[in-house]
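Asks: Would you mind keeping the following structure in view while I ask a few things?
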Amino acid sequence: MEFTVLSQQRMADLFTGMPQNVIFHGADIKKEPLRAIAASLGSYDFVADLHDVWRSRYIRIAMQLKGARVRTIRKGRFERFLLTRHIRTQALKHTTVRYAEVLQRLGLTVSDMKAPHQTTGEGIGIAPFAAHKGKIYPLERMEKVVQLLSKSGERVVLFGGGKKEQEILEIWAKKYTGVESVAGKYRLAEEMEIMRGLRVMVSMDSANMHLASLVGTRVVSIWGATHPKAGFTGIGQKEEDCIQRDLKCRPCSIYGNKKCRFGDYRCLDIAPEEVMLRVER
């Protein structure tokens, strides 16, 4: 059976080393109209929509009109609503389980999904940024973590994306001994190989948490407005490695994109020493 994975072209590095029957089809959603993307795909027997946003809905309907049997992810939106309103307290399914269920409804057998975690490696990775403010540990505190790790003699590798992030990380790298920034210097696949060689990664609830998890590196993750119960922890990661404050207002958001109702983001009031202790443990 042949699988074609459709995603943004910048995600291609995630699919290197796949079996020969897995084909990556990259698209540039900023430049290519959806009609052109759908036309470039050809026809399929089955379509699994693992995203369920307006772009994927357009494409799956186009594929359905060509005769494909379509199944769509059940995101549990109402369950998420109840979680953020603190009506539901139990954890939601992990998102990878929801992906597997789509394939199972298409008649496929999905094996148990576990990322192989390594026990060796050298150095500490730090990825201090995320898409939304509600998920970002205060930078002055994260700099303190970098300083403490530098004093301990640990090799520290900093990860980030945008130009502003790169500038901040370069300042930290020049300021502290044994600290290196790789932000903006390598392709995604190369960054993942660097992560693979680390002992542990310190990350927000962000893409870097998932990338480190995929290559088998243990992650100490810091959570603010969002919560591990929503089903977005790194695959195979341990609950004991999630640093978070037990507040009645958490989680206030599934994606961390809502402003703090108190204005102070008290959910991220976590001491740098606590992060250090978790890393050491």
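Asks: Please list, in order along segment 237-247, the HN-Hα scalar couplings obtained from phi with the Karplus expression 6.51 cos²θ - 1.76 cosθ + 1.60 (θ = phi - 60°), rounded to whole Hz, x for Gly and Pro.
Replies: With the stated coefficients, segment 237-247 comes to 6, 9, 4, 5, 8, 8, 9, 7, 9, 8, 10 Hz.
Asks: Let me ask another. Can you compute the charge dipole magnitude of the chain about its Cα centre, using +1 on each Lys and Arg Cβ and -1 on each Asp and Glu Cβ, nothing else charged? Give it in debye, rounded to the nearest 20.
Replies: Working: 46 positive and 31 negative charges, 254 e Å.
Dipole magnitude for the chain comes out near 1220 debye.
Asks: Can I ask one more? Too long at a 30 Å Cα-Cα cut-off: which of LYS93/LYS144; LYS31/LYS133; LYS93/LYS185; LYS133/LYS174?
Replies: Long pairs (Cα-Cα over 30 Å): LYS93/LYS144; LYS93/LYS185.
Asks: OK, next. Using +1 at the C-beta of Lys and Arg and -1 at the C-beta of Asp and Glu, which of VAL97, HIS86, TYR255 has the Cα lying farthest in the positive direction of the dipole of the chain?
Replies: Positive-end residue among those listed: HIS86.
Asks: Just to confirm the number: angle between the C-alpha axis of helix 95-105 and the first principal axis of the chain, 0 to 90 degrees, nearest 10?
Replies: Value to nearest ten degrees: 10.
Asks: While we're here: How much accessible surface does ASP45 have with a 1.4 Å probe, in Å² rounded to 10?
Replies: 120
Asks: How big is the dipole moment of segment 201-281 about its Cα centre under a simple scheme where the beta carbon of each Lys and Arg is +1, that of each Asp and Glu is -1, and everything else is neutral? Debye, nearest 20, please.
Replies: The dipole magnitude comes to about 360 debye.
Asks: Taking the Cα centre of segment 123-204 as origin and charging only Cβ (+1 Lys, Arg; -1 Asp, Glu), how large is the dipole, in debye to the nearest 20?
Replies: 160
Asks: Now for a different question. For GLU2, what accessible area in Å² do you get when you roll a 1.4 Å probe over the heavy atoms of the protein chains, rounding to the nearest 10?
Replies: 130
Asks: Pairs of alpha-carbon atoms within less than 8 angstrom and 6+ residues apart define the contacts here; what relative contact order does the chain have, in percent?
Replies: That works out to 17 percent.
Asks: Still on this structure, I have one more. Using a cut-off of 14 Å between beta-carbons, work out the net charge of the residues near LYS31 (Lys and Arg +1, Asp and Glu -1, LYS31 not included).
Replies: +2
The values are calculated or read from the model by the stated rules, or taken from the named source; none is laboratory data. All values reported here derive from a predicted model rather than from experimental measurement. All Cβ positions, glycine included, derive from the backbone under ideal geometry; neighbour counts span all protein chains shown. Surface accessibility is based on the protein's heavy atoms, side chains included, excluding ligands, DNA and RNA. Shrake-Rupley method; radii C 1.70, N 1.55, O 1.52, S 1.80 Å.
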